1. Using a 10 Å cut-off on Cβ atoms, rank the peptides 120-126, 165-171 from the highest mean neighbour count down.
2. In the neighborhood of residue 118, defined by Cβ-to-Cβ distances under 11 Å, what is the net charge if each Lys or Arg adds +1 and each Asp or Glu adds -1?
3. List the residues whose amide H sits under 5 Å from the amide H of residue 120, counting only those 5 or more places along or on another chain, with H placed 1.01 Å from N in the peptide plane.
4. Answer with one residue from 25, 168, 123: the one whose Cα lies farthest towards the positive end of the charge dipole of the chain, charges on Cβ with Lys, Arg +1 and Asp, Glu -1.
5. Could you work out the equivalent-ellipsoid semi-axes for region 72-154, taking the square root of 5 times each eigenvalue of the Cα gyration tensor, largest first, in whole Å?
6. Can you give the Rg/Rh ratio of region 55-112, where Rg is from the C-alpha atoms and Rh is the Kirkwood radius?
7. Let me check I've understood the local charge: for residue 96, count other residues with C-beta under 12 angstrom from its C-beta, Lys and Arg +1, Asp and Glu -1. What total comes out?
8. Calculate the dipole size of the chain relative to its Cα centre from +1 charges on Lys and Arg beta carbons and -1 charges on Asp and Glu beta carbons; express the result in debye to the nearest 20.
Amino acid sequence: MDEGKAALYAAIIGFAAAVIGATVGGWASWKAARHGATAAVQSAIEQVKGEAENEHAHWIRQERLHVYRSVLQACTDFMTAVQEFETRVRAGSNADELHQLLEQRLRDLELSTSSLHLLGPSAAHAAALRLLAEIDSTVDALRGWEDLGNNTEAAHDLRSRKALATQAALAFTDECRRVVGTTDD
């Protein structure tokens with residue numbers, strides 16, 4: 001074989017090797033870039049998803065705190081109205097407008113507890129319903145106490161109902177504290 005043909009064959013083989021090398025290298029680079037881009041997109045999706053979950057959990061926690069405060073404030077307002085009612089009745093004053101105030105305070109408490117069904121968790125909602133039931137029974141005891149003219153048995157029943165309502169309020173508060181530390185139901 002003469003030197004010219006050998007050089008031509010070497011050039012063809014060199015050119016083919018360069019083309020094949022460039023093709024394989026380009027394909028490998030494209031594959032690596034595609035894999036890197038896919039990984040970057042997946043990472044961004046996971047980050048956004050995590051941030052969204054954190055934001056949602058924070059929003060739920062804030063809404064729960066707001067509702068818990070409103071329930072406790074409504075309970076406090078109710079118990080204050082009960083105290084005022086008792087004071088007026090003991091003093092022999094007319095307590096008719098306080099009947100309306102007590103009913104309004106009871107409705108306020110019912111309204112504030114209604115949101116708990118949506119925001120949960122179910123244990124906090126159940127504690128709020130127990131509180132509402134005890135408050136409602138306190139209203140019944142208060143009416144009985146007033147109707148019976150402050151007799152000892154009715155006064156004892158009223159004290160017992162108020163104590164149970166206070167215990168229910170404390171149980172609700174404990175449940176609220178437990179929930180605020182977590183977002184689980």
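The values are calculated or read from the model by the stated rules, or taken from the named source; none is laboratory data. Nothing here was measured: the structure is a model prediction, and the numbers come from that model. Cβ coordinates were reconstructed from backbone atoms using ideal geometry, including for glycine residues, and neighbour counts include every protein chain displayed. Note: accessible area is taken over every heavy atom of the protein model, side chains too, but ligands, DNA and RNA are not part of it. Shrake-Rupley method; radii C 1.70, N 1.55, O 1.52, S 1.80 Å.
1. Taking the mean over residues of other Cβ atoms within 10 Å, the ranking is 165-171, 120-126.
2. On the way: positive: 64; negative: 63.
Around residue 118, the charge tally is 0.
3. Sorted by chain and number, the residues that satisfy this come to none at all.
4. Ranked along the dipole, the leading option is 25.
5. Values: eigenvalues 156, 34, 14 Å².
Working from the Cα gyration tensor, I get semi-axes of 28, 13, 8 Å.
6. Details: Rg = 15.7 Å, Rh = 12.7 Å.
We get a ratio of 1.23 for region 55-112.
7. Working: positive: 88; negative: 97, 103, 146.
With Lys, Arg at +1 and Asp, Glu at -1, the net is -2.
8. Working: 18 positive and 26 negative charges, 145 e Å.
The calculated dipole for the chain is roughly 700 debye.
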